[in-house]
1. For A:GLU208, which of the numbered conditions (1) crowded, with 17+ Cβ neighbours inside 10 Å; (2) over 20 Å from B:VAL82 (Cβ atoms); (3) more than 12 Å from chain B (Cβ to nearest Cβ) fails to hold?
2. For region A:227-240, how many residues meet the condition of being open to solvent by less than 80 Å² (accessible area, probe 1.4 Å) and in contact with a Ser or Thr (Cβ under 7 Å, 6 or more places away or on another chain)?
3. If I filter region B:22-42 for residues that are at pLDDT 90 or above and β-branched (Val, Ile, Thr), do I get at least one hit?
4. Need at least 3 residues that are touching an Asp or Glu at 6+ places or on another chain (Cβ under 8 Å) per element, so show me which strands (runs of 3 or more DSSP E) inside region A:253-311 make the cut, counting only ones lying wholly within it.
5. Can you pull out the residues in region A:322-342 that are within 14 Å of chain B (Cβ to nearest Cβ) and of a type in the set (Phe, Trp, Tyr)?
6. What are the pairs, 6+ residues apart or on separate chains, where a residue within region B:133-153 that is facing chain A (nearest Cβ under 10 Å) and within 15 Å of B:ALA93 (Cβ to Cβ) has its Cβ under 6 Å from a residue that is charged (D, E, K, R) and assigned to a loop (DSSP other than H, G, I, E, B)?
7. All but one of (1) at pLDDT 95 or above; (2) within 17 Å of the chain's Cα centre (by Cα) hold for A:LEU213; which doesn't?
8. Here is a list of conditions, (1) more than 30 Å from B:ILE105 (Cα to Cα); (2) in contact with a helix residue (DSSP H, G or I) (Cβ under 6 Å, 6 or more places away or on another chain), and A:SER317 meets all of them except one; can you say which number that is?
Amino acid sequence: MKCLLLSLVFFSASAFTLNKDVAVSKTNPDISVNILLLGKKTFSAEEHNGEGHAEDDHEEDHGKESGNEGHEEHAVHDHAHNLGDGVSIQEVEFYFKSNIDPYWSGSVSVGISQHEKGFELDLEEAFVESLFIPSLTIKAGKFYALLGRHNNLHTHYYPFIDPPLINQTLFGFHGWNGTGVSLAWLSPLPWYAELVAQGFYSYSGEEEFSGILFFKNLWDLNDNATLELNMSYGAEVNHFEHLYNAALVWKWTGSESGRSLAWTAEVFQAVADSDSEDIAGISSYIQWQFSKQWWLEGRAEYLPDAKWDDLKTQKYSALLAFVLTEYSAIRLQYDATENGHGKWGHGVSIQTNMSLGTHPAHLY
Amino acid sequence: MSFLKREYCCNLNRKVFFIVSFLFLLVFSVTVQAEKKLNVLTTTTSLKSLVESVAGDKVYVESITKGPQDPHFLSAKPSYMVKARKADLLIVAGLDLEVGWLPNIVHGARNPQIQKGQSGYLDASQFIKALSVPKGKVDRFFGDVHPFGNPHFILDPVRGVKVSKEIGQRLSLLDPENKKHYMENQKQFEKNIMEKMKAWERRIKNSGVTKIVTYHSSFEYFLDRFNLNLVGLIEEKPGIPPSVKHILQLIKKMKDTQSSCILMSSFYRNDKIKKIEKALPVRVETVSIEVGALKKAKNYELVIEGVVEAIENCGQFDKDKNTNKNKNKKGKN
């Protein structure tokens, strides 16, 4: 791992020094580096972040129905991010992006994150995409699965400092990615209607196939507002037999730049195979850009028990972001979490989100 | 929460299948009729206006940016991808003006014809000489510098005409049947603008204004064309709002150079400008730098006309100021 890390640092360093040589830099891929620095403080022994919550749930479940082995699998926690209070490198993400030739474009992103014992290197995405087929994009390689709206976001794009609880519980802190092929078809319907089929293959002792169907719709309500409705279905993803997701986004952007308001709601239902428990959850958040450089956001989340009879965990977050330029932002987040036993934990996080290199093309 | 009960959810499998098959049916029943007219998509309204001047009603043309929107800061709305998917020709300003959103739109459109290098992709900036091209490495300490030069070249009528010529040629290539129409229209447009040029030059000269302050470097090409001097920028660095210190320095500079004309693009609004207004007798003129940014600017020619008028207003302001001064002097005597 150290070797990989070293070679990566060397590679990027050489890419930057080569920049002086115009002939070379003109064919270099676009390079950008995101540095996410995180400071965190929690105010209760029982405070639960996403990982903590999931573990707790499972302990409780074990108590109720002893001998249920399947739980452990669901709690695919990313212990690398189970850092306690203090200051840490949340992640350093390297992006390389370029057209390969008239037929393909390629993209690689590598993330380095901190855990108790040091740093961990992860190949987040490495894929090629077709440029030559009308209405269809073929993608092959390793990439984030299109499961709902949040899963395929890179860490620096997260609307809050941490992912929604349900995403953390189902897929860990970074989201679920795999190696496979994706077909994304833009239908000729008058609104944006995209149908995506993704197939993933992995081998760890035994062969595993996962499949995803994703259907995205976006309508222009007027020049300033859009409504987006996503539905996704996953089969055999992360040991879940079925995964269902529905996501709704309403977004308004002011004609004058620097004003926007968006409301997102996402529901997950994961159906496990017969010997383990199902998981479900809702997250809903509002993002309000009230001036060019300032954002105020609020999020509410529920994780009910699998039968939706009872709310097990709830979490409320508020975030204030000061976006100095398109390349740097400081974000402050407050969380209040109830872990299902009536006990509340509180936490404050501060994150600096900086971007070096090429101008990013923003997602909508 | 009862509507989300699990029993309900498990029917989803069948439902998803039903929805998907329904959609396939719907999609295949939509017959896409072959359109004879070319579909042209531009990133800015000024480019759209140039296309209209050259093509008249022989093409469908639409701009992604709407009048009041700053093409710097658009987000890559998927509905733009739907438009780009159908486009035969995509015309962009270039020089990274649209870097924050256009790559995602071209990518999401899945239209091989409008990829860079194809005949359906026209980068207007490739045909003009760019100003303020940074030498050597670009350092963001100096703000959001455009690495390939200032992208606001469309405000120079001569460069605008050059772009219209390239548009005419590209349209002729894609639609040879109407070549004559495009070429004649373009010649007419060129003749018209060049005639107007003479009048604009004369009017600016008569206004007596020679020194201008602007918010962003949106007017660089315009000032260069009409031999006007830029005294300073209100924003501290490209994309960086002004600090108090910067404003004080600018006020001093304006005093020293006796400049009083501030041109603001309607895209920018900043309270700091009031500080300058309090400190000095200045005329602040808000103008359209793209077609439709303000209602008056209905087409390309009227955009330029608007800027010229603004400078005339500045000139009038100076004259009034001077006559007032003289009156006061006389009164005292």
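The values are calculated or read from the model by the stated rules, or taken from the named source; none is laboratory data. The structure displayed is predicted, hence computed values, not measured ones. Positions of Cβ are generated from backbone atoms using ideal geometry, with glycine treated the same way; all protein chains shown enter the neighbour counts. All accessible areas refer to the heavy atoms of the entire protein, side chains included, with ligands and DNA or RNA removed. Shrake-Rupley method; radii C 1.70, N 1.55, O 1.52, S 1.80 Å.
1. Just one mismatch for A:GLU208, condition (1).
2. 3
3. Applying the first criterion (at pLDDT 90 or above) to region B:22-42 yields B:37-42.
Filter once more, keeping what is β-branched (Val, Ile, Thr): B:40, B:42.
There is at least one residue in region B:22-42 that is at pLDDT 90 or above and β-branched (Val, Ile, Thr).
4. On the way: elements: A:260-272, A:279-291, A:294-304.
Fully inside region A:253-311 and qualifying: A:260-272, A:279-291.
5. Correct list: A:PHE322, A:TYR327.
6. So the pair list comes out as B:HIS146/B:ASP96.
7. Failed condition: (2).
8. The one condition A:SER317 does not meet is (2).
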